[in-house]
Each structure stands twice: as structure tokens, then as C-alpha cells.
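Enquirer: I have a structure here, written as C-alpha cells, and I will follow up with some questions on it.
The values are calculated or read from the model by the stated rules, or taken from the named source; none is laboratory data. In this text the structure is predicted, and so the values were computed from the model without any measurement. So basically every Cβ, Gly included, is an ideal-geometry build from the backbone, and we count neighbours across all protein chains shown.
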Amino acid sequence: MAQIKFTDRTIYSLKSNIVRMDYWDDSLPGFGLRITPNGDKTFCVKYRIAGKQRRFTLGRYPAIGLATAREMARDAFELVRKGTDPALAKREAEQATFEQERKALEQERLLREYEQNIFKRLSHDYLEQYAKPKKRSWKTDEWYIEKVLNPEFGNRPLADIKRREIRELLDRLVAEGTEIKANRVLACARKIWNWGISKDRAESNPCHGISRPGEERQRDRVLSEDEIKTIWKALDDEKLLMAATFRLRLLTAQRGAEVHALRWKDIDGEWWTIPAEFSKNRLSHRVPLSPQAMRILEQVRKITEEQDKKFGRQPSEWVFPNPIRRKDHISECQKLARRVRTESQIDFKAHDFRRTAASMMAKMGVPRLVIGKILNHIEPGVTKVYDRYSYDREKQEALDAWGARVSRIVSGLELVKTELSGG
């Protein structure tokens, strides 16, 4: 055992030997340095407590410098003076730190587990992993989740949500006079829980056994010519882009979601190709654009170009971009429909445009097969496998004639019976 004066230079210059060597500081008794044969240098203290000699490691040099090690040694000797074993105090501190970290990790685990099993998390994952990749109507599900289901159940654990609570929610919606909304909420909630069960995220579906609270009847509303004229005129008071969505739905007989997702690159001359990804039946569909539809699109292009230039922004790929999230297109027109219903005093839904166009084309003599092609309906039976004819000419003739008729209706001119070749 060698006793020397500890200095930074001395500690640095000490070399290892073939045997382990202990050096002790002559200015602070009990404060030492151990050097192993492989050259490791470790500060330590030697003390006596409860009649027994103990040794306590402070740390390895040079990770711990001499000045720090000397302060640690003094603290250790102070504990000894008070009757506390430094080694035991260190173990207890380490145990306390370990326990604190363990509790923090357990709390984090419980929090993750809680977040994973609350309704808000399940509904989010349902949208991202199932609805968005597979359903064109995912935005409808998103609306019911954000506006109805999450405010009611969002932060609740799935296992705590009971059938009685689902029924009470539906009863409230029915009492508010929104029976169809209650039906849709029930359908959406049922899909979310069924998906959760399929992913082992839920044990049971509280919607099981609950019947639709509202009675639904298939809508067969067809607008009259006077109603078409009145609605068209009411649209004059709306912003051109929003009014154009309704007018194009009437002129093209296409679905609202397909019109909303119209991109400039999908228009080639007088033809609009609806990609499979935007089509309800996942089949690409070619739609001829009548002169009336083309004029509306030209108006839309002109006003959007003027607005883009005015605000110094890049043109959107969408014909009807979302005014807030321009990288997306508009997704619904319920507010527009309410305003136009109020202005026109006509009870209608936007989907009535498609039914009206189809019904009036039938009255004009357009064959049902051609109307089905315009509507992009899937034909039943074996014939569809062999019939690969596009019917482009017939569709164009029909929609041109329909566009001309709409033009006469809204301009107040006397209607003239339109004969179609092959009709």
C-alpha cells in the first residue's frame, strides 16, 4: 500500500503493474486509487463502520476527475461520521431511482395501453387502416366519427362502452328529428367495432342486436322542369365554383363525389375520364361533356386562374379545390344544398340531379342501356363479359341532347321534343 500526494499529474502518470496496486492520498486519509494489471484506475474510499472495515468505489478515472472524486470522498466520510454506510446509501439511492424509473415506465405502458384501447384510437385506426384505403365514402365515416361518436365516446375505454349507451345516443338523435342520421351513426359505430374485433382490439360489439332506429325508404324524387329552372336560378346567388358543382351534376348525371374529385388532367377535349380510384364501382368511366358543361368548366378555369394570380399561389390540380386544404378537393355540399333549398323553397337533395337527368333522358327516348352506361352502372348477367363496346357515340349524343334541353329549361324557352338516332 503506497501513500502519495494525489495530483492530476501524479494520477495520470501512475502505471499498472503485474499485480493490483492501491495508492492512498496523504492529504485525505482513506481516499485512494486502485490500478489493475490491465491499467484501469478507480477512485475509492476506505472506512470503518459498526466495527467493520468497508471499501466503497467512487468511480473510474478519467471519467471522474481528481477534484470530483475528492469531493465524493469527503461526502462519503461525512456519511460515515453520521453513522451511515456510504455503500448502503448508494444502493438505496440506486434502488429509489430504479423504482422511480420503473414506475414511470409502468405509467407510460399503462398510458399507451389506455390510448390503444379507447374508442378515439380505434376509430382513428379504422379510418387510416381500413376506411381510407378501401372506401370511397370514408369521409362520411370520418364526419360521423368526429361530429357524433368521438364527442360521445372518444376518451372511453372500449370495454366500458355499453349497449345501453349506444341506444341512448340513437334515441337522442331520433328525438332531434334526425332518424336517418341515427341510422348512419349506428352503421358507422358497428363497422368500427367489427373491425376492432377482427384486429383483436375489441372483445365484443355493443352495437350487436340494435336495430336501425329510423325507417328508410328509397328516394325516388325527380325534379320537374319548373323546379330545375328555379334551382338553377337560385344558384346564381352562390359562388361560381360551388354553383358549378350542382350544375355539372345535373348536366353530366354523375355522382357528387366524382364531380368533387374532378381534376383538370382528367379532362381531354370534350371528354372527362373518371379514374377507377374515384369511381364508386372502381371502374374507369368516360363521360362526354356537353357544350353546356364545357362552358361551365371554362368559367371555372377563368375564375380560378384569376384568383391564383391575385393571391400569388400555385394552381391546384383539382377543379374544385378545398378552400382551406388546397391539396385536397371539396368533399361535401350539404351547406350549399341547405342554402339553395331555402332560396328556392324546393325540397330536394343533390343526388336528385342524377336521378332527374336519367329519368328525363329516358323520356327523351334515350335507351335504358345507354343511360346505364352514362351512369356507370354495372350490368348483371353474362352479356357484360362479351359486350366491350364503349357506347361513346351514344353517350355523347344523349348528354348533348340533355344539355340542350337543360339550356332551354333554364332559359325559359319552349321545349322541343328531342329525337335521338337509335332511340
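Enquirer: Tell me, which residue of segment 115-156 that is of a type in the set (S, T, N, Q) and in contact with a strand residue (DSSP E or B) (Cβ under 9 Å, 6 or more places away or on another chain) is surrounded by the most Cβ atoms within 10 Å (Cβ to Cβ)? Even if it seems obvious, please write down each step before you answer.
Expert: Step one: list which residues in segment 115-156 are of a type in the set (S, T, N, Q), which gives 116-117, 123, 129, 137, 140, 150, 155.
From what's left, in contact with a strand residue (DSSP E or B) (Cβ under 9 Å, 6 or more places away or on another chain): 117, 155.
Numbers: N117: 17, N155: 11.
Here the answer is N117.
Enquirer: Let me spell it out: the conditions are (1) under 30 Å from R190 (Cα atoms); (2) touching a Lys or Arg at 6+ places or on another chain (Cβ under 9 Å); (3) at pLDDT below 90, and F119 meets all of them except one. Which number is the exception?
Expert: Among (1) under 30 Å from R190 (Cα atoms); (2) touching a Lys or Arg at 6+ places or on another chain (Cβ under 9 Å); (3) at pLDDT below 90, the lone unmet condition for F119 is (3).
Enquirer: Whether any residue in segment 254-269 is farther than 21 Å from K349 by Cβ, in the same structural domain as L375 (by TED's automatic domain parsing) and among the aromatic types (F, W, Y) is what I want to check.
Expert: Filtering segment 254-269 down to residues farther than 21 Å from K349 by Cβ leaves 263-269.
Okay, now just the ones that are also in the same structural domain as L375 (by TED's automatic domain parsing), so 263-269.
Checking the rest, the ones that are also among the aromatic types (F, W, Y) come to 264.
Yes; the residues of segment 254-269 include at least one that is farther than 21 Å from K349 by Cβ, in the same structural domain as L375 (by TED's automatic domain parsing) and among the aromatic types (F, W, Y).
Enquirer: Pull out all pairs, ordered by first then second residue, where Cβ-Cβ is under 9 Å, the residues are six or more apart or on different chains, the first lies in segment 335-350 and is farther than 21 Å from Q254 by Cβ, and the second is of a type in the set (F, W, Y).
Expert: That search, which allows pairs on different chains as well, returns R341/F348.
Enquirer: List the strands (runs of 3 or more DSSP E) inside segment 1-74, counting only whole elements, that have at least 3 residues being over 18 Å from L88 (Cα atoms) and in contact with a Cys (Cβ under 9 Å, 6 or more places away or on another chain).
Expert: Answer list for segment 1-74: 31-35.
Enquirer: Of R190, R184, which residue is assigned by TED's automatic domain parsing to the domain that holds S123, within 20 Å of K139 (Cβ to Cβ) and touching a His at 6+ places or on another chain (Cβ under 9 Å)?
Expert: R190
Enquirer: Given the conditions (1) at pLDDT 95 or above; (2) in contact with a Phe, Trp or Tyr (Cβ under 9 Å, 6 or more places away or on another chain); (3) over 22 Å from R393 (Cβ atoms), which single one is not true for G256?
Expert: Result: G256 passes all but (1).
Enquirer: Now for a separate question. Consider D125 carefully, then state whether it is over 30 Å from T7 (Cα atoms), among the charged types (D, E, K, R) and either modelled with pLDDT of 90 or more or assigned by TED's automatic domain parsing to the domain that holds D141 (or both).
Expert: The answer is yes for D125.
Enquirer: Among what's in segment 331-370 and is farther than 12 Å from F246 by Cβ and β-branched (V, I, T), pick the residue that is surrounded by the most Cβ atoms within 10 Å (Cβ to Cβ).
Expert: Among those residues, the one meeting the criterion is V366.
Enquirer: May I ask you to verify whether I274 is buried (at least 19 other Cβ atoms within 10 Å of the Cβ) and either touching a residue at least 40 places away in the same chain (Cβ under 8 Å) or over 29 Å from the mean Cα position of the chain (by Cα) (or both)?
Expert: yes
Enquirer: From the list A182, A253, A202, A175, which one is touching a helix residue (DSSP H, G or I) at 6+ places or on another chain (Cβ under 9 Å) and farther than 30 Å from A358 by Cβ?
Expert: Exactly one residue qualifies, and that residue is A202.
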